[in-house]
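Take a look at the structure below.
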Amino acid sequence: MSDGGGAPTQAPPAFDLAGYLDREREAADRALRRCLEAWRDELPSDVAEAARYGVTGGGKRLRPVLCVAAYRSAGGPGGAEQVHDMAASLELIHAYSLMHDDLPCMDDASLRRSRATTHRVHGVEVTTRAGAALIPMAVLTALRGARTLGCDEETAREVARTLCRAAGAGGMVGGQVLDLLGEGRTLEGAELERLHGMKTGALLTASLGMGAQAAGAPSRVREGVEAYGRAIGLAFQIADDVLDATATREELGKVPSDASLEKSTYVALHGLEGARRKAAAEVDRAHSALDRAGLEAPALRALARFVVERRR
Ligand code: GRG
């Protein structure tokens, strides 16, 4: 490649997303296993087994991967094991939400990540308790993880607070309530955006925010990665709706359920092509947020594309 002025310039090497994801997911899985092992004796054995089943059953590990990518992009110096230990807290919250979401009183799902849902194996009562046990485990994992990373006490508490806010009534739980209330009713664009911004976007955005906070990033960088998080959160949900409408049960590893639960979706609102265009526009917005924050962040840029190109 040449800049037209004489000296040839090198194209930057393409980012190896597949290799990066493999490595980071394995590191995330190792951190989760360390965490479950450390907590095992604190829980009744049936609850510990159900928690292990719900947490370790595969999954993209997107939230911890994003958290670690944000930490690195913001210049965080901590060791890989320590960053992943802190980031595991996000996956614990995510796992609990899936375990409870699949229960008969909510989505009543029998299949998740290509295998039986936790309550189908461990029973409704034990799964309900195991999901609940994961919440304080996650908060303490974030707090202790940030301390181990070398954060001062105020920062460590702020990291844990970010996780709590995203998981609570103003975030994921509140979004789930809006979702349950919206079943069988057509939601318009702004309502749908609020619901998913809380239900899915809040935890994804917190993943980025916690990474930047733990790295001690200046507010411009933290705001930049959080704006990126809001954009990919929306892109993620639109892609989810597209997949629910187009992918098979085998590809998804779960039973597509939007139509049977009469959920409002971006596909219903904009059509398939319109939804795909909207998701691509959110990826552009995510990249612009990184530009404005002065972050090159090749991993975050590739992850934004992955969010809409994934097949499950
Ligand atoms: C008591 C109202 C109330 C709520 C309890 C159940 C619950 C909390 C919240 C549900 C939140 C929920 C299910 C959000 C959906 C998140 C989502 C898009 C899941 C799929 O995420 P992926 O694709 O899954 O990252 P993997 O399997 O890759 O981890």
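The values are calculated or read from the model by the stated rules, or taken from the named source; none is laboratory data. In this text, all values refer to a predicted model and were calculated from it rather than measured experimentally. Using ideal geometry, Cβ is built from the backbone for each residue, glycine included, and neighbour counts are taken over all protein chains shown.
Just a few scattered comments:
Let's see how each residue does on (1) out of contact with any helix residue (DSSP H, G or I) (no Cβ under 8 Å at 6 or more places or on another chain); (2) touching a residue at least 60 places away in the same chain (Cβ under 8 Å); (3) hydroxyl-bearing (Ser, Thr, Tyr); (4) surrounded by 21 or more Cβ atoms within 10 Å (Cβ to Cβ):
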residue	(1), (2), (3), (4)
Ile232	no, yes, no, yes
Ile238	no, yes, no, yes
Gly253	yes, yes, no, no
Ala279	no, no, no, yes
Arg292	no, yes, no, no
Ala302	no, yes, no, no
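- Hits in region 102-131 (condition: of a type outside the set (Val, Ile, Thr), buried (at least 19 other Cβ atoms within 10 Å of the Cβ) and within 21 Å of Val47 (Cβ to Cβ)): Asp102, Arg112, His119, His122, Ala130, Gly131
- In region 39-55, the residues that are at pLDDT 95 or above and assigned to a helix (DSSP H, G or I): Ser45, Asp46, Val47, Ala48, Glu49, Ala50, Ala51, Arg52, Tyr53, Gly54, Val55
Residues are listed down the side, and each one gets a yes or a no for (1) under 25 Å from Ala87 (Cα atoms); (2) not charged (D, E, K, R):
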residue	(1), (2)
Arg220	yes, no
Val255	no, yes
Val267	no, yes
Leu303	yes, yes
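- Taking the criterion of being surrounded by fewer than 24 Cβ atoms within 10 Å (Cβ to Cβ) and touching a Ser or Thr at 6+ places or on another chain (Cβ under 9 Å), the only residue of region 64-80 that qualifies is Gly78.
- On inspection, Asp102 qualifies as near the ligand (Cβ under 10 Å from one of its atoms), in contact with a strand residue (DSSP E or B) (Cβ under 9 Å, 6 or more places away or on another chain) and over 25 Å from Leu295 (Cα atoms).
- Criterion violated by Gly58 - all others in (1) more than 25 Å from Glu309 (Cα to Cα); (2) small (Gly, Ala, Ser); (3) surrounded by fewer than 19 Cβ atoms within 10 Å (Cβ to Cβ) satisfied: (1)
- Where helices (runs of 4 or more DSSP H) fall wholly inside region 108-218, the ranges with 3 or more residues that are within 27 Å of Tyr228 (Cα to Cα) and polar (S, T, N, Q) are 202-214.
- Residue match in region 46-63 (condition: away from the ligand (no atom under 16 Å from the Cβ) and either among the small types (Gly, Ala, Ser) or free of Cβ contacts under 8 Å to residues at least 40 places away in the same chain (or both)): yes
- Within region 100-121, residues that are of a type in the set (D, E, K, R) have Cβ atoms under 6 Å from residues that are surrounded by 16 or more Cβ atoms within 10 Å (Cβ to Cβ) and assigned to a loop (DSSP other than H, G, I, E, B) in these pairs: Asp101/Asp107; Asp102/Ala109; Asp102/Thr117; Arg112/Asp102; Arg112/Lys254; Arg113/Gly57; Arg113/Gly59; Arg113/Gly253, counting only partners at least 6 apart in sequence or on another chain.
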